[in-house]
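Peer 1: Structure provided below as structure tokens; questions to follow.
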Amino acid sequence: MFPPLRLDPAALTGEIAAFQRKLAAGLGNLRHQLEPEYANTPRVAIYREDKLTVWHMKGQGKPTTRTPTLIVYALVNTVWMTDLQDDRSMVRNLLEQGEDVYLIDWGYPDGADRWLTLDDYINGYLDRCVDAVCKAAGVDAINLLGICQGGTFSLCYTATHGDKVKNLITMVTPVDFQTPDNMLSNWTRELDVDLFVDTMGNIPAELLNWVYLTLKPVRLNQQKYVSLVDILDNPKELQNFLRMERWIFDSPDQAGEAFREFIKEFYQQNKLIKGDLVIGGKPVDLGMITQPVLNIFAEQDHLVPPDASRVLGRHVGTTDYTQLAFKGGHIGIYVSGRAQREVPPAIHQWLSTRN
């Protein structure tokens, strides 16, 4: 039996009054906050096509590596999580390590992109982005750094265009899409995706954001906003919070046909690890990946559970496979203080012994 709960009315009244005072003062600070900016690392566009742009990121000094690295992000958010702010920027840290960094900004699909397929994205856009980076850097092959769905795209691309990839890095990348602890997988496997896409056309970002938030409803819809009161009187922390919120809700819609294919081929049929995947008439066999592979996953990831990524080592054809577990979550792996100290240096060290 638990002892009876005893409350001190005076103390409770004092806490409520203090909370109200802090909230009132904090709301004044909130009203005077400017819209937070991100993606502040200097950059130059080297290639544009339709909605996408390939950016060459610029550091304080010249790169010390010969082989450039192209970051391939997921379609469901913007790539700027990798360059959120000065002291939380994976891009900036890689540049400081001496890496030559490019990234793909997929842009915002509209009605004209409704019928884009996975073939268009992987064998079309991604292939031409790689060619553009090769041309800009004067090389025949580059490093690919694929993140989340972008990592899955990078696996497919490397398996079918291996001559253009020197080293492959995957971060929080789903490989086995049907692990028991994958909440997103359990939802999508019951989805009538044909009815969904035929009805919606392009899939609205607002709808997908709602889905992601409901995977952890208390933490992501309630707790973080209650905790916001604690930082309302700290302008720097408040600006950081608003910057993250801006990124979360600044999401692109999804091209309907590519969304349909991705749900069916990967989540519902798990073809990537079964060896049955064909994109644009090209069989996608992970065993054809003979390049060095660095696979980084987050131990507390609720979107891509560790087991969904760990399995990669059993399917690639390379004998040079390295696995790195990060103590954090799906977003923390880019922006937490621990991530800034650990992840970019680990990537640089791994690349430096292979470039």
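The values are calculated or read from the model by the stated rules, or taken from the named source; none is laboratory data. This one's a predicted model, so the numbers in the text were calculated from it and none came from an experiment. Ideal geometry is used to build each Cβ from the backbone, glycine not excepted, and the neighbour counts take in all protein chains shown.
Peer 1: Suppose we keep only residues that are basic (Lys, Arg) and at pLDDT 95 or above within the range 229-264. Which one would you say is nearest to VAL278 (Cα to Cα)?
Peer 2: LYS264
Peer 1: May I pose another question? Check off (1) at pLDDT below 95; (2) part of a loop (DSSP other than H, G, I, E, B) for TYR212 and give me the number that stays unchecked.
Peer 2: Only one criterion in (1) at pLDDT below 95; (2) part of a loop (DSSP other than H, G, I, E, B) is unmet by TYR212, namely (2).
Peer 1: Here is a follow-up. For the range 191-239, name all the residues that are of a type in the set (Asp, Glu) and within 24 Å of the chain's Cα centre (by Cα).
Peer 2: GLU206, GLU237
Peer 1: Buried (at least 18 other Cβ atoms within 10 Å of the Cβ) and either free of Cβ contacts under 8 Å to residues at least 60 places away in the same chain or under 27 Å from THR353 (Cβ atoms) (or both): is that true of THR179 in this structure?
Peer 2: So THR179 fails the test.
Peer 1: Still on this structure, I have one more. Can you tell me which residue is surrounded by the most Cβ atoms within 10 Å (Cβ to Cβ) among those in the range 265-317 that are among the polar types (S, T, N, Q) and farther than 22 Å from LEU184 by Cβ?
Peer 2: Among those residues, the one meeting the criterion is GLN291.
Peer 1: So which pairs qualify, if the first residue must be in the range 112-128 and at pLDDT 95 or above and in a helix (DSSP H, G or I), the second must be surrounded by 23 or more Cβ atoms within 10 Å (Cβ to Cβ) and hydroxyl-bearing (Ser, Thr, Tyr), the Cβ gap must be under 6 Å, and the two must be at least 6 apart or on different chains?
Peer 2: ILE122/TYR157; LEU126/TYR157
Peer 1: Quick one: would you say LEU228 is crowded, with 17+ Cβ neighbours inside 10 Å and either part of a helix (DSSP H, G or I) or on the phi < 0 side of the Ramachandran plot (or both)?
Peer 2: So LEU228 passes the test.
Peer 1: Determine the pairs where a residue that is among the polar types (S, T, N, Q), located within the range 305-325, has a partner that is surrounded by fewer than 17 Cβ atoms within 10 Å (Cβ to Cβ) and not in a helix (DSSP H, G or I) with Cβ atoms under 9 Å apart, the partner being 6 or more residues away or on another chain.
Peer 2: SER309/GLN323; THR318/THR290; THR319/THR290
Peer 1: Do we find that THR353 is touching a strand residue (DSSP E or B) at 6+ places or on another chain (Cβ under 6 Å) and of a type in the set (Ser, Thr, Tyr) in this structure?
Peer 2: no
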